[in-house]
Amino acid sequence: MRNSNSGHVGIVIVSHSPKIAEGAADMVRQMVGDAVPLAWTGGDVDGGLGTNVAGILEAIETAWSPAGVAILVDLGGAETNSEMAVEMLPEDRRARVVVCNAPVVEGAVIAATESSGGSPLAAVKRSAEEFYA
Amino acid sequence: MSLDRAAREKLVRALALSMIGHADELTSLDQAIGDGDHGLNMKRGFEAVLATLPGLADKPLPEMLKAIGMTLVMKVGGASGPLVGTFFMELGKALPEQPARADLVAATDKAINAVKARGRSEAGQKTLLDVLVPVQIVFAGGGDAKAIAAEAAQAADRTTPMLAIRGRASFLGERSIGHMDPGSRSASLLIGAAVATLEFEENS
């Protein structure tokens, strides 16, 4: 996935299923365009359903933006693994990555929409989380 | 408690074999109330740990525990990877190279608190904390290996009638009642394997 080096908040999609993660990323691209750095990851290290910290770290790197990165997750393990990945980031990046408490598909689209308008990380997270609040 | 290289390797093998040997049982427990991958995930993680022997056991105890934790975090997947991995990593961070029993009690306390923070959970929610917390009380209270292992097994059993509040089983609501929590079972197996290989020094 090619990403522009914009100042827009990056979006990372983490699902237990690589197909869901990729499909959600496709929806974001179609609806929001290419301005927003975007990456997805899904599956465990053996390629089965699940999530893995290394894959999440790689996706954060791919979607990295100076404005920060918002992560959208599906079920429990995706959230725990994402939080673990954030803690393993270098200290200067850690504070600029957040895990959003929002549904993965809708949250990704809304977060990317907010990001494409140039909003800061906190606003991107809030928009994604308010949608279902 | 002194743990030379041979003892460290014995400990790692015992922990790993307890997970690999019970993978099917853990999977069937998880099929009842989770997504059925716990046995496979723990097996994969501990096979990866075994693959780092013999070099792993060359490391001093704190470094060895941190390395085990990191391998589990990276390889287990699911929520268990970060939870169990965090336990080992924090244990490693908190322990001196030649820990006395009091050091071990203090370190397990810190590690359990880190697991609570990672899972944003407390005992009583049908998770591995329902084993770790009561076992820690027995351990801190001076219980010997036998008492610790017994409490671990009983604590896992006590999760059967509990209602799941955290984790995938919480989606099932009341249907989670009547099944043992797979994470509690794996925690009790790991504790049983650990205490069976460790000799606690009296009053040290």
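Using C-alpha pairs below 8 Å separated by at least 6 residues, the relative contact order for chain A is 30 percent. Using alpha carbons only, how many angstrom separate the centre of region B:44-80 from the centre of region B:150-171? Distance between centres, Cα-based: 26 Å.
Phi angles across region A:98-108 convert, under the Karplus curve 6.51 cos²θ - 1.76 cosθ + 1.60 with θ = phi - 60°, into 3J(HN,Hα) values of 10, 9, 8, 8, 8, x, 5, 6, 4, x, 5 Hz, Gly and Pro given as x. Residues whose amide H lies under 5 Å from that of A:Val99, counting only those 5 or more places away or on a different chain, are A:Ile71; hydrogens are built 1.01 Å from N in the peptide plane. Within the straight-line cut-off of under 30 Å between alpha carbons, the lysines reachable from B:Lys110 are B:Lys10, B:Lys43, B:Lys59, B:Lys66, B:Lys75, B:Lys93, B:Lys126, B:Lys146, sequence neighbours fewer than 8 places apart in one chain being disregarded. Whole-Hz Karplus values for region A:28-35 come out as 4, 4, 5, 8, 10, x, 9, 5 Hz, taken residue by residue from phi with 6.51 cos²θ - 1.76 cosθ + 1.60 and θ = phi - 60°; glycine and proline positions read x.
Averaging Cα coordinates gives a centre for region A:65-120 and one for region B:109-146; these two points are 30 Å apart. The GNM of chain B, with springs linking C-alpha atoms under 10 angstrom apart, assigns the highest mean-square fluctuation among B:Met89, B:Met180, B:Met74 to B:Met74. Averaged over peptide A:44-50, the number of partner chain Cβ atoms lying within 10 Å of each residue's Cβ comes to 6. Within region A:10-125, the ratio Rg/Rh, alpha carbon atoms throughout and Rh by Kirkwood, equals 0.93.
Only the Cβ atoms of Lys and Arg (+1) and of Asp and Glu (-1) were treated as charged; on that basis the dipole of chain B about its Cα centre amounts to roughly 500 debye. The Cα trace of region B:1-112 gives Rg and Dmax of 14.2, 42 Å, the first to one decimal, the second as a whole number. Between B:Ala51, B:Ala140, B:Ala79, the Gaussian network model of chain B with springs among Cα atoms under 10 angstrom shows the greatest mean-square fluctuation at B:Ala51. Considering all C-alpha pairs of the protein assembly as shown, those separated by over 24 Å amount to 55%.
In region B:105-204, Rg over Rh equals 1.00, where Rg is the alpha-carbon radius of gyration and Rh the Kirkwood radius from pairwise Cα distances. Applying Stokes-Einstein at 20 °C and 1.002 mPa s to the Kirkwood radius of region B:5-197, computed over alpha-carbon pairs, gives a translational diffusion coefficient of 131 µm² s⁻¹. Normalising the average separation of contacting C-alpha pairs (under 8 angstrom, six or more residues apart) by the number of residues puts the relative contact order of region B:5-197 at 22 percent.
For region A:40-133, applying the loop criterion from DSSP together with a ceiling of 12 other beta carbons within 10 Å to the chymotrypsin sites (Phe, Trp or Tyr not before Pro) yields A:Tyr132.
Each reported figure results from applying straightforward, stated rules to the coordinates on display, with no laboratory input. Since we're looking at a predicted model, the values are computed, not measured. Because the Cβ atoms are built from the backbone with ideal geometry, glycine has one as well, and the counts that use them run over all protein chains shown.
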